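The values are calculated or read from the model by the stated rules, or taken from the named source; none is laboratory data. The shown structure was predicted, so the numbers you read here are calculated from the model rather than taken from an experiment. Here the Cβ positions follow ideal geometry from the backbone for every residue, glycine too, while neighbour counts run over all protein chains shown. All accessible areas refer to the heavy atoms of the entire protein, side chains included, with ligands and DNA or RNA removed. Shrake-Rupley method; radii C 1.70, N 1.55, O 1.52, S 1.80 Å.
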Amino acid sequence: MKKEDIEKILEDLNALKCKTAKDVEEARVRYLGKRGEITALFEEFRSVDGAVKRELGRPLNELKQKAIAKIEELKEALAQIEDESAPKADLSLPGDPMSLGSRHPVSIVRQEIVGIFRKFGYDVAEGPEIEDDHHVFEALNFPANHPARDMQDTFFVSAGHLNPLLLRTHTSSVQVRAMETMPLPIRVVCPGRVFRNEAISARAHCIFHQIEGLYIDENVTFADLKQAILLFAREMFGPETQIRMRPSYFPFTEPSAEVDVSCNICHGKGCNICKGTGWLEILGCGMVDPNVLKASGIDPEKYSGFAFGMGLERIAMLKWQVNDLRHYFENDLRFLREFNTSIEV
Ligand code: PHE
């Protein structure tokens with residue numbers, strides 16, 4: 001028995017590579033089995049003389065440990081490869097259900113109203129939510145001391161300037177931008193979010209949504225306004241719907257009116273939604289004040305127009321009999337899921 005015999009096996013072991021579990025088992029038998037090479041060296045070792053024993057005893061033991069460790073190592077490496085190639089999940093399990101969201105009631109109403117006015121030939125215009133005093137008040141004929149310009153009513157972003165920045169309190173500001181930039185005749189609806197400094201309650205919120213409409217051309221009259229509103233109301237609330245107009249006041253329209261539609265819940269008999277009157281207020285409107293046309297560079301001698309504006313939350317409240325404005329902003333899923341049926345994919 002020679003030192004080289006041990007070294008030779010050690011070298012073989014170091015170079016050993018196995019692809020399968022069977023290869024590993026064969027290697028184990030080859031070195032450590034009953035007739036294995038290392039087992040054979042141990043047999044031989046018994047009969048060598050003392051000097052050789054002293055010289056080769058330790059390396060021989062180390063060789064055996066090394067072989068055991070190597071076989072273990074190969075086994076583990078193979079197990080890991082098998083793990084990685086195995087599917088991570090049970091692909092035969094049923095998939096996770098995809099939960100479809102639902103559209104927000106305010107979006108549903110906005111799309112419905114915009115859709116109706118598109119049919120009438122209106123374009124959609126949008127404008128910034130952070131506006132300046134000029135577009136929200138000045139160009140719309142608000143007098144300098146109008147209460148809407150008060151800190152109590154409007155959120156100011158920068159106060160004290162000649163033309164302070166503020167959160168728009170109505171989408172009429174988009175109407176001004178349309179008059180400043182669009183060629184005549186103008187026919188637009190302007191949907192958007194508006195802000196007012198109100199305490200939040202069931203009937204008021206500091207954020208809500210409006211749609212404003214504007215039509216400017218030669219010879220536009222109050223009769224055109226009435227007809228547009230009537231057609232809209234019948235598309236929106238049903239062909240039997242009646243409208244009535246009550247005189248009102250807005251700084252930017254003259255004359256101005258508030259529009260009620262016949263209650264489509266009790267059909268005029270009186271219920272708790274229309275508070276027994278048979279009518280529901282839905283919008284404000286009027287003929288654009290000549291001062292407003294002038295402020296945006298339109299000749300009021302040649303052109304006239306009408307404007308109207310409505311609150312989307314209010315229309316949605318009437319449509320679905322929602323009794324608390326706060327539901328629209330809390331996004332409680334139990335509330336939002338009530339509107340599932342209206343999903344269009
Ligand atoms: N801007 C008005 C409001 O916020 C609504 C309105 C628009 C009235 C256009 C008349 C004409 O209440």
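Gain in length, Glu126 to Asn323, computed as 0.36 nm per residue apart minus the alpha-carbon separation, to one decimal in nm?
Extending this stretch completely gives an extra 68.0 nm.
Quick check for you: with a 1.4 Å probe and neighbouring chains kept, what is the accessible area per residue of region 3-85, in Å²? If you can, show how the numbers build up before the last one.
On the way: 6010 Å² over 83 residues.
That works out to 72 Å² for each residue.
Mind listing which chymotrypsin sites (Phe, Trp or Tyr not before Pro) in region 68-170 are in a DSSP loop and have 12 or fewer other Cβ atoms within 10 Å? Please list the in-between numbers first.
Numbers: sites: Phe117, Phe120, Tyr122, Phe137, Phe155, Phe156; in loops: Phe120, Tyr122, Phe137, Phe155.
Qualifying residues, ordered by number: none.
Which percent of the accessible heavy-atom area of region 3-85 goes to carbon and sulfur, probe 1.4 angstrom?
Numbers: 3030 of 6010 Å².
Carbon-and-sulfur percentage of accessible area, whole number: 50.
DSSP loop trypsin sites (Lys or Arg not before Pro) in region 43-147 with at most 14 other Cβ atoms within 10 Å of their Cβ, which ones?
Lys88
So which lysines can Lys119 reach, going by Cα to Cα under 20 Å and dropping same-chain residues fewer than 8 places off?
Lys226
When the helices in the chain are scored as -39500 (n - 2.57) per DSSP H run of 4 or longer and the sum is shared across all residues, what 222 nm value do you end up with, to the nearest 500 deg cm²/dmol?
-12500 deg cm²/dmol
Taking 2.2 N^0.38 Å as the expected size of a compact globular protein, what ratio does the Cα radius of gyration of the chain give against it, to two decimals?
Ratio of Rg to 2.2 N^0.38 Å for the chain: 2.07.
Give the carbon-plus-sulfur fraction of the accessible surface of region 196-263 in %, rounded to a whole number; probe 1.4 Å, heavy atoms of protein chains only.
51 percent
Residues of region 11-52 with amide nitrogen under 17 Å from the 7 Å Cα-to-Cβ point of Glu84?
18-21
Gain in length, Lys302 to Leu93, computed as 0.36 nm per residue apart minus the alpha-carbon separation, to one decimal in nm?
68.0 nm
Put a dot 7 Å past each Cα toward the Cβ at Gln65 and Glu43; how far apart are the dots in nm?
2.6 nm
Which pairs in the list Lys22/Lys70; Lys3/Lys75; Lys8/Lys70 are over 21 Å apart, alpha-carbon to alpha-carbon?
Lys3/Lys75
Quick one: angle between helix 21-32 and the longest Cα principal axis of the chain, in degrees between 0 and 90, rounded to 10, please.
The angle comes out near 30 degrees.
Check the chain for me: any Cys whose beta-carbon has no other cysteine beta-carbon within less than 4.7 Å?
Cysteines of the chain left without a disulfide-compatible partner: Cys18, Cys190, Cys206, Cys285.
Can you give me the distance in nm between label points at Asn14 and Cys266, each placed 7 Å from the Cα along the Cα-to-Cβ direction?
Here the answer is 10.0 nm between the modelled labels.
Quote the accessible area belonging to Arg177 in square angstrom, nearest 10, computed with a 1.4 Å probe and with ligands, DNA and RNA left uncounted.
Per-residue accessible area (Arg177): approximately 80 Å².
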